[in-house]
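What follows is a set of notes on a single structure, which appears directly below.
The values are calculated or read from the model by the stated rules, or taken from the named source; none is laboratory data. Only a predicted model underlies this, so the values are computations on that prediction, with no experimental measurement involved. Because the Cβ atoms are built from the backbone with ideal geometry, glycine has one as well, and the counts that use them run over all protein chains shown. Heads up: the accessible areas ignore ligands, DNA and RNA and are worked out on the full protein's heavy atoms, side chains in. Shrake-Rupley method; radii C 1.70, N 1.55, O 1.52, S 1.80 Å.
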Amino acid sequence: LRQIAEDHKHNTLFISGRVGSYVALEAELEQQLGLNGRKVSDEALNAAIIEQDVRLIVIYDMHMLVRPVMGGFAELAKLNSLFDRIHAPCIWGVSIDRYAWQLIRRARSSYSTSDTVVGLRPWTDEQIGEFIETSCEAIGLVPDFSKLRVPRQYMDTAQEEIEERNRAGIYNMIASLSRGNPSIAIRMFADAIRLNPDSGAEVVLPVTSDDK
């Protein structure tokens, strides 16, 4: 979505759905348009979008508005009403986790959510490993893999050093457990780090997160 935003000549708004609240999402939209602090009418909203030449509005992590419980689509329904209220010539681009998308489709709510669906391929073991290492370098973290006992099915026997075997094994394990989702993978790796004042950052075996 960022690549698309960079390739066109008009303005783009990026709005987070991570709070899981439509009210917060709409407030962020109004704030980015400079309309915060007062009651905003549909006319003012559309006029601001046209005046500022916004042609792409991106909502990322939109699946946070959905809950697998009774009434769990209420926030999504409110967002759909916002889509209907905007008549300015703009495109909505949203990112949704593939498993949440399956839930939305089974609830027959997909018709009001998107016109075109593009599925992103899962990341490979190598890409997940490179992502973890790049993230560690960015914050100056040197993880210690030497004390691990990686399950045999994830062990990379091509590596001679035990720490390198463990490193590759953990990357394979995290890639498998996260099913190639980099966002989940990096969180799993963060949860697998134990900071010790004496020995630094020790890596332990990752655990599968619960449904939440």
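Measuring with a 1.4 angstrom probe and ignoring ligands and nucleic acids, V23 comes out at about 100 Å² accessible. Spin-label model, A47/R108: points 7 Å from Cα along the beta carbon direction are separated by 4.0 nm.
Per residue, the chain exposes 65 Å² of solvent-accessible protein surface, assessed with a 1.4 angstrom probe and all protein chains in place. Rolling a 1.4 Å probe over the protein chains gives I50 an accessible area of about 100 Å².
Note on the chain: GNM, Cα springs under 10 Å; of G119, G17, G93, the largest mean-square fluctuation is that of G119.
For the chain, which whole-number percentage of the solvent-accessible area (1.4 Å probe, protein heavy atoms only) is attributable to carbon and sulfur atoms? That share works out to 50 percent.
Out of all DSSP beta bridges in the chain, what portion is antiparallel? Express it as a percent rounded to 5.
Roughly 25 percent of the beta bridges in the chain run antiparallel, per DSSP.
Between D115 and L177, the contour length at 0.36 nm per residue exceeds the alpha carbon distance by 19.2 nm. Using R0 = 25 Å, the C-beta based FRET efficiency linking V23 and D84 works out to 0.90. Using heavy atoms of the protein chains and a probe of 1.4 Å, the accessible area assigned to H63 is about 40 Å². Between the beta carbons of E6 and V204, assuming R0 = 30 Å, the FRET efficiency works out to 0.15 to the nearest 0.05. Taking the Cα atoms of the chain, the ratio Rg/Rh between the radius of gyration and the Kirkwood radius comes to 1.07.
Need the list of aspartates and glutamates near K147 for cross-linking: C-alpha distance under 14 angstrom, and skip anything on the same chain fewer than eight residues off. The reachable aspartates and glutamates, counting only those whose Cα sits under 14 Å from K147, are E161, E163, E164, E202.
Can you give the helix-only mean residue ellipticity at 222 nm for the chain, where every DSSP H stretch with n ≥ 4 adds -39500 (n - 2.57) and the sum goes over all residues, rounded to the nearest 500 deg cm²/dmol?
-13000 deg cm²/dmol
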